[in-house]
Amino acid sequence: MGAVNSPGSEWGLSRSRYSVTFGSEHLRLVSEYSLKELFTKYGDILWEPGTHKYNVTFFIGELDELLMGKRFSAFEQSLLDELIGKLRARGNSNATINRKMAALSKLLRKAHKMGDIHSLPEFRRQKERSGRIRFLSCSEEEMLFAAIRRRSEDAWRLSVFLVDTGCRLGEAIGLTWNDVRDGRASFWITKSARARSVPLTKRAQEISNLPRNGEKGPFAMLRQAQYRTIWNEAKAEIGLSQDTQVVPHVLRHTCASRLVQGGIDLRRVQMWLGHQTLTMTMRYAHLATGDLDPCVGVLERCSKKAAAK
């Protein structure tokens, strides 16, 4: 009997092509990959350059670290459960875990489709708490913005633009001059991958209308890390250093909250913020208290009729 890997045998292994010969059929052997290797292979295909890709890079790197660079040809359910357990042990909230699992799921589905791994686990969304949404009062905005302006005129301009447009920090810094004109701002590179255009308030128009001085856009002279440093210093100055929710993203919440409290319907707020689904915008629904006022009149009419009988 000849060796099983001899060229003339019924079973043969072609090492150069990584396939098993069974009669006339060829079965491809699935190689093993780590998460880091898969991200190197597909990261640029799945995610466009920008803040979101930066976050995803960090997420996948952290997950690969938790798995200690383990390589696999199948991503078992037990491996996924292990990752979730380790993230929770690190203090990650369910909302944070969901964001990291969304990135992992997208990467693994691409690898599975391309034949790099041959089985996928079931991803179940962790239940998130609908916690209190922090937004700035007018007096808080005034004090915070004044403290920011004492440190940087450009950072102050950016703060005004963020609160009056509700855009994300990366979206504002990435604007070009052509994106801000005719009283509107157009955001092309967004988290939801959906472009949107919003009208500008009078002060937002004024602070974005300045000499170009060789810059690519009205806020291109700033970097996110630089702005966050200025923000944190100003926040500490006005006594909000212990408020962990007062981060630059609070300006987006503030914009949304003011729109809802001002009577703007949730569908328009969704379009303004660029949310993919109305569910995301519903976080602000409780602020639309005026929508419930007519209910009192209806109930009182019914109670009056009952009392008259």
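The values are calculated or read from the model by the stated rules, or taken from the named source; none is laboratory data. If you're wondering where the values come from, they're calculated on a predicted model, not measured in any experiment. Using ideal geometry, Cβ is built from the backbone for each residue, glycine included, and neighbour counts are taken over all protein chains shown. In case anyone asks, the SASA skips ligands and DNA or RNA and just uses the protein heavy atoms, side chains included. Shrake-Rupley method; radii C 1.70, N 1.55, O 1.52, S 1.80 Å.
How many residues are closer than 16 Å to GLU37 by Cβ, out of contact with any helix residue (DSSP H, G or I) (no Cβ under 8 Å at 6 or more places or on another chain) and either at pLDDT 95 or above or surrounded by 13 or more Cβ atoms within 10 Å (Cβ to Cβ) (or both) when one looks only at region 110-154? Selection size over region 110-154: 1. Filtering region 152-169 to residues that are out of contact with any Pro (no Cβ under 9 Å at 6 or more places or on another chain) and of a type in the set (A, V, I, L, M, F, W, C) leaves ALA155, TRP156, VAL160, VAL163, CYS167. The residues of region 56-81 that are surrounded by 14 or more Cβ atoms within 10 Å (Cβ to Cβ) and either among the β-branched types (Val, Ile, Thr) or free of Cβ contacts under 8 Å to residues at least 24 places away in the same chain (or both), listed by number, are VAL56, THR57, ILE60, LEU66. Is it true that some residue in region 206-213 is surrounded by 17 or more Cβ atoms within 10 Å (Cβ to Cβ), touching a residue at least 12 places away in the same chain (Cβ under 8 Å) and in contact with a Lys or Arg (Cβ under 6 Å, 6 or more places away or on another chain)? Taking every residue of region 206-213 in turn, at least one turns out to be surrounded by 17 or more Cβ atoms within 10 Å (Cβ to Cβ), touching a residue at least 12 places away in the same chain (Cβ under 8 Å) and in contact with a Lys or Arg (Cβ under 6 Å, 6 or more places away or on another chain). For region 125-137, the criterion of being closer than 26 Å to LYS41 by Cβ, more than 18 Å from the chain's Cα centre (by Cα) and not acidic (Asp, Glu) is met by none of the residues. Only helices (runs of 4 or more DSSP H) wholly contained in region 109-219 count here; list those with 1 or more residues that are among the aromatic types (Phe, Trp, Tyr) and on the phi < 0 side of the Ramachandran plot. Here the list reads 138-151, 153-165.
Filtering region 156-168 to residues that are open to solvent by less than 20 Å² (accessible area, probe 1.4 Å) and either in contact (Cβ under 8 Å) with a residue 60 or more places away in the chain or within 16 Å of the chain's Cα centre (by Cα) (or both) leaves ARG157, LEU158, SER159, LEU162, VAL163, THR165, GLY166, CYS167. Mind listing just one residue for me: the one in region 235-257 that is over 21 Å from the mean Cα position of the chain (by Cα) and in contact (Cβ under 8 Å) with a residue 24 or more places away in the chain and, of those, nearest to HIS286 (Cα to Cα)? Applying the filter and picking the extreme gives ASP243. The number of residues in region 84-109 that are open to solvent by 60 Å² or more (accessible area, probe 1.4 Å), at pLDDT below 90 and within 15 Å of the chain's Cα centre (by Cα) comes to 1.
If you go through region 248-261 and pick out every residue that is part of a loop (DSSP other than H, G, I, E, B) and either open to solvent by less than 60 Å² (accessible area, probe 1.4 Å) or in contact with a Cys (Cβ under 9 Å, 6 or more places away or on another chain) (or both), you end up with 1.
For region 214-247, give me each residue that is β-branched (Val, Ile, Thr) and either surrounded by 13 or more Cβ atoms within 10 Å (Cβ to Cβ) or within 15 Å of ARG149 (Cβ to Cβ) (or both). Listed by number, the residues that qualify are THR229, ILE230, ILE238, VAL246, VAL247.
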